[in-house]
Amino acid sequence: MVQLECMSEDDFSMIVEWFGRESPDLLLQWAGPTFTYPLTVEQLLNHYSEGINHETSRTFVYKIMDELTGEAAGMIQLCRIDRTARTAVVERFWIQEHLRNKGVGTAALRKLIDKAVQQFQLRQLSLRVFDFNLPAIKCYEKLRICTRNEKVCQASNGERWSDYEMRLMID
């Protein structure tokens, strides 16, 4: 259904295109306060200046490729990789809207878990998701919701959002 391919800096314009069509709040949901709207390639280059997707990286950024169409269905990131503690964080998980609710996200997350175990020998993955992002939570239900943090982020309209921290312990 999907494959994960390492992103390169050449793919950053695709990410900018995805979020250039969206709202500042959607960018905030996807990346937290890391980037400012509108997203630019320069922001991505600065953020990933330590490098991605090489042997000693702590961050691996993947394109989620739809095997049927060959199109980039989205992206997912494995970051803050701690090879000693054997932990990492899943971030910046995005599925293009027209491909949502078709199992693409679940398949991509399974592929990432496989990489975490096989390539990095990780034992624990964690991620955060806002409590109103029900489709994402449904995708993540295979993971355990460990804690709920109250009102941790403020949207542009002043609304405060709560989030869940979810963890997967890998045997």
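The values are calculated or read from the model by the stated rules, or taken from the named source; none is laboratory data. What you are looking at is a predicted structure, and each value in this text was computed from that prediction instead of being measured. With ideal geometry, Cβ positions are generated from the backbone for all residues, glycine too; neighbour counts draw on all protein chains shown.
Rundown of residues vs (1) over 30 Å from GLN119 (Cα atoms); (2) touching a Phe, Trp or Tyr at 6+ places or on another chain (Cβ under 7 Å), yes/no style:
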site: GLN3; (1), (2): no, no
site: GLU9; (1), (2): no, no
site: ARG21; (1), (2): yes, no
site: LEU27; (1), (2): no, yes
site: GLN43; (1), (2): no, yes
site: ILE52; (1), (2): no, yes
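Would you mind stating whether LEU44 is of a type outside the set (S, T, N, Q) and either closer than 17 Å to GLY20 by Cβ or at pLDDT 95 or above (or both)?
Details: of a type outside the set (S, T, N, Q): yes; either closer than 17 Å to GLY20 by Cβ or at pLDDT 95 or above (or both): yes.
Yes: the conditions hold for LEU44.
Taking every residue in region 116-141 that is outside any strand (DSSP E or B) and at pLDDT 90 or above and pairing it with any residue that is surrounded by fewer than 17 Cβ atoms within 10 Å (Cβ to Cβ) and of a type in the set (Ser, Thr, Tyr), at least 6 positions away or on another chain, the pairs with Cβ-Cβ distances below 8 Å are ASP131/SER162.
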